[in-house]
Amino acid sequence: MGFFLFFFLSLLSLASSASRVDQRTFIVRVQNEAKPSVFTTHKHWYESSLSSVLSPSTPIQLLHVYDSVFHGFSAKLSPTEALKLQTLPHFIAVIPEQVRHLQTTRSPLFLGLKTTDSAGLLKESDFGSDLVIGVIDTGIWPERQSFNDRNLGPINSKWKGQCVTTNDFGSNSCNKKLIGARYFCSGYEASNGKMNETSEFRSPRDSDGHGTHTASIAAGRYVFPASTLGYAKGVAAGMAPKARLAAYKVCWNAGCYDSDILAAFDSAVADGVDVISLSVGGAVVPYYLDAIAIGAYGAAEKGIFVSASAGNGGPGGLTVTNVAPWVATVGAGTIDRDFPADVKLGNGKVVTGAGVYNGRGLSPGRMYPLVYAGSGGGDGYSSSLCLEGSLDPDFVKGKIVLCDRGINSRAAKGEVVKKAGGIGMILANGVFDGEGLVVDCHVLPATAVGASNADEIRQYIDSASKSKSSATATILFKGTRLDVRPAPVVASFSARGPNPETPEILKPDVIAPGLNILAAWPDKVGPAGIPSDNRRTEFNILSGTSMACPHVSGLAALLKAAHPDWSPAAIKSALMTTAYTVDNRGETMVDESNGNTSTVLDFGSGHVHPTKAMNPGLVYDITPMDYVDFLCNSNYTINNIQVITRRNADCSGAKRAGHVGNLNYPSFSVVFQQYGKHTMSTHFIRQVTNVGDPNSVYKVTVRPPSGTLVTVEPKQLVFRRVGQKLNFLVRVEATAVKLAPGSTNMKSGSIVWSDGKHNVTSPIVVTMQQPL
């Protein structure tokens, strides 16, 4: 309530001095079925309502009208007009638009999905055939082999979508694989003016590469041979190779606009998709002001599974985004493949790095002059980051240049070095980046090194300078290395918990492969993703939670195909309770940023395990009414709840559900405020549904977080039939710990239900907070 009041007061202060010049896009929520009978359509009514708040000379222009996941419209308004509109009858909320950003193969094999298995998730689901994955992203390059429709059956008659054709996206762009393609740019153009059609396509065609990449991860066909510049050779395949795809383009050169994203959700639900994959994120705000949370709720209510990227703000805490409990929030891990490209220094030391390059390279056996970009005179800060125009050609020509990460893209730094005459680049992680290595297809020989190795290289350059000798180096590209240990590792960039909006809901939910992933790539975009790169490749290697998210989207399609009666919450529960937390050495997964053991705030329930998720034994199911109770217990107003759920909420029964943490979620999280109390306690009520064997008995094993007492009643659950639901109670008691004001202490454990065949595992997190 406080946030909404703050927004309302901010709007009031803006309105007092604003004119039409201060326009921005707002998303307007209107009561369901509130249209007065004098109007033939909702659009007609919305336009009439707008005319009552706009000056007579102002043209009325609706950007989008929403009907499926949201009732209302979006329009460009001044703060004064937005304020007036909110006072009209039947108008519930006026939501300011956010601009979102993209959160930018061997992974099926690493996940245990083998085409040769006579039984298994791929076989049981018929490779996801007939299910439709909607990818909300930058569009798609339909000609790629990953999207061929060989041997696919007819499109299911339930499909209501369409292939929007344009000059550059003809009627033959869609087929029995890519069965739908739309684009949404009204919100983008309302904020940025008419798009420049020489640099991006006014169509579903992808001019960036991100959408083509994510779509092929989710549902790409088998393609052999596949590689990027000779690296990662093998068979490329998506998670659900026979699933159908629908592309919804919402991301443009200046970002992804909420009004367009909501329109894509609206269309995807009306079209009949089964899964929505969204590798886009932004600031965390209350759910009733979050277009992605609102759109995802409308989809989930219709039985559509929504997965979204957790964000690339790691390794810092509280960085996770897309945190609504009805969304599967996916962080990123590594797979057991990397691309070593080490730096050999003039003093004989070899520093580990990672990179891919196959152009005209460095001469074998030759050492090259090595310089740190930040010590080349001029503005040391700009040059240290290798920003455009910051490097002195006299300083870098013919040399390998050490550049710090930050501000501009990694690939752009390589271009800056090359244009200034540099012969190679070492990309240095900062302290915040830690030791995580992300490879890029650079336009010159280049490698990435972790923060500690970057310090070692700088020290070598400094010591050489002090001794009046020249620092030298070369880069040793070693190709593709397989069976890397340890794996998986939590990727350094993967966003971390706790959940900034609802700490009682553990986020991220799971992690999936997201580092250096090979997938399809457009024809008109170089692998470095920068305009000057004229190389062309059918596949590219990218990293990000953007790549992890479509892995889970594809897996959800496989699970939905194998279990058509499962709800989105049941599918997410299956993925969470069967996830694993140990690497291929048998030890708890490590954090790539520092090499330490990772925690549930890094990986949530763990790394997805598709074959186990197909037969989880028990699931934690959630109904739309459960989500309403959750929102009531989050202290949202009836008005706030109606914005999200499109229904009049009754919160009178919500207190029977207890507290916000009593949502029937597959993980447990409690936050204790230490207001001078010595002991604190709470309880959780959960209900599990038997999807395993009839006549099964599950016994509980509790591993309590240190310093807590966790009890579960009853200690065993006796099921007589499949589909039977049984409840259990979890009590948590904790003793106060010594903490400085404003600080927190987090401990984790687990609750496991087992029948000897299935292990249904849930993390339990206890956070102690010392108030200021």
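Tell me, what % of the accessible area of segment 664-770 is carbon and sulfur with a 1.4 angstrom probe? Don't jump to the answer; show the numbers that get you there.
On the way: 2560 of 5150 Å².
Its accessible area is 50 percent carbon and sulfur atoms.
With Kirkwood's inverse mean 1/r over C-alpha pairs for Rh, give me the Rg to Rh ratio of segment 340-479, two decimals please.
0.92
Would you tell me the accessible area of residue 188, worked out with a 1.4 angstrom probe on the heavy atoms of the protein chains, in Å² to the nearest 10?
20
Within the accessible area of segment 340-479, what % is carbon and sulfur when the probe is 1.4 Å and the other protein chains stay in place?
52
Are any of the pairs 507/715; 612/747; 507/677; 43/84; 158/725 more than 24 Å apart by Cα-Cα distance, and if so, which?
507/715; 612/747; 507/677; 158/725, as the Cα separations exceed 24 Å there.
Please work out how much accessible surface residue 163 shows to a 1.4 Å probe, ignoring ligands, DNA and RNA, in Å² rounded to 10.
30
Rounded, prolate or oblate: which fits the chain, taking a ≥ b ≥ c as square roots of the Cα gyration tensor eigenvalues, rounded meaning a/c under 1.5, else prolate when a/b beats b/c?
Judged from the Cα gyration tensor, the chain comes out rounded (a/c under 1.5).
Got the relative contact order for segment 491-643 handy, in percent, Cα pairs under 8 Å and 6 or more residues apart?
So the answer I get is 26 percent.
Using heavy-atom solvent-accessible surface (probe 1.4 Å) with all chains present, what is the largest-first order of 761, 701? Provide the component values of the computation, followed by the final result.
Numbers: 761 45, 701 70 Å².
In descending accessible area the options line up as 701, 761.
Counting Lys and Arg as +1 and Asp and Glu as -1, what is the net charge of the other residues whose Cβ lies under 12 Å from the Cβ of residue 653?
Residues near residue 653 contribute -1 overall.
Name the shape class, rounded, prolate or oblate, that the alpha-carbon gyration tensor gives for segment 267-343, where a ≥ b ≥ c are the square roots of its eigenvalues, rounded holds for a/c under 1.5, and otherwise prolate holds if a/b is larger than b/c and oblate otherwise.
Verdict is oblate for segment 267-343.
Give the residue from 211, 729, 676 lying farthest towards the positive end of the charge dipole for the chain; charges sit on Cβ (+1 for Lys and Arg, -1 for Asp and Glu) and the dipole is referred to the Cα centre.
729
Using a ≥ b ≥ c from the Cα gyration tensor of segment 343-419 (square roots of the eigenvalues), is it rounded, prolate or oblate, where a/c under 1.5 gives rounded and otherwise the larger of a/b and b/c decides, a/b for prolate? Walk me through the numbers before you get to the answer.
Values: a/c = 1.69, a/b = 1.46, b/c = 1.15.
Cα axes put segment 343-419 in the prolate bin.
Can you return the aspartates and glutamates within cross-link range of residue 349? Criterion is Cα-Cα under 16 Å, with same-chain partners fewer than 8 residues away left out.
Qualifying aspartates and glutamates at Cα under 16 Å: 455, 456, 462.
Taking θ as phi - 60°, what are the ³J(HN,Hα) couplings along segment 756-767 by the Karplus curve (6.51, -1.76, 1.60), each to the nearest whole Hz, with x for Gly and Pro?
For segment 756-767, the Karplus-derived couplings read x, 10, 10, 10, 9, 9, 10, x, 10, 10, 10, 10 Hz, x marking Gly and Pro.
Helix-only estimate, please: 222 nm mean residue ellipticity of the chain, summing -39500 (n - 2.57) across DSSP H runs of length 4 or more and dividing by its residues, to the nearest 500.
After summing the helix terms and dividing by the residues of the chain, the value is -6500 deg cm²/dmol.
Which whole-number value in Å² is the accessible area per residue of the chain, probe 1.4 Å?
37
With the cut-off at 21 Å, tell me which of the pairs 572/655; 160/194; 302/572 have Cα atoms farther apart than that.
Working: 572/655 26 Å; 160/194 30 Å; 302/572 15 Å.
Over 21 Å Cα-Cα: 572/655; 160/194.
So how do 634, 762, 171 rank on accessible area, 1.4 Å probe, biggest first, that is with the largest at the start?
171, 634, 762
What number comes out for the charge environment of residue 667, summing +1 per Lys or Arg and -1 per Asp or Glu over other residues with Cβ under 12 Å away? All intermediate terms of the calculation are to be shown ahead of the outcome.
Details: positive: 507, 572, 686; negative: 504, 509.
Computed value for this residue: +1.
Can you sort 41, 472 by solvent-accessible area, 1.4 Å probe, largest first? It would help to have the intermediate numbers written out before the result.
On the way: 41 65, 472 35 Å².
Largest to smallest exposure gives the sequence 41, 472.
Based on the mean of other beta carbon atoms within 10 Å per residue, what is the order of 637-648, 339-350, most packed first?
So the peptides 637-648, 339-350, ranked by packing, come out 637-648, 339-350.
First select every other residue whose beta carbon is under 14 angstrom from the beta carbon of residue 633; then total the charges, Lys and Arg +1, Asp and Glu -1.
Charge balance near residue 633 sits at -3.
Return the lysines within reach of residue 418: Cα separation strictly under 19 angstrom, same-chain partners fewer than 8 residues apart disregarded; answer none if there are no such residues.
Straight-line reach from residue 418, under 19 Å: 397, 399.
Of all the accessible heavy-atom surface of segment 232-311, with the other protein chains kept in place and a 1.4 Å probe, what percent is carbon and sulfur?
Working: 630 of 1200 Å².
Heavy-atom surface of segment 232-311 belonging to carbon and sulfur, 1.4 Å probe: 52 percent.
The values are calculated or read from the model by the stated rules, or taken from the named source; none is laboratory data. Quick caveat, the model's predicted, so the values are computed rather than measured. Virtual Cβ from ideal backbone geometry, glycine too; neighbours counted across all protein chains shown. Please note that ligands, DNA and RNA were not included when accessible areas were found on the heavy atoms of the full protein model with its side chains. Shrake-Rupley method; radii C 1.70, N 1.55, O 1.52, S 1.80 Å.
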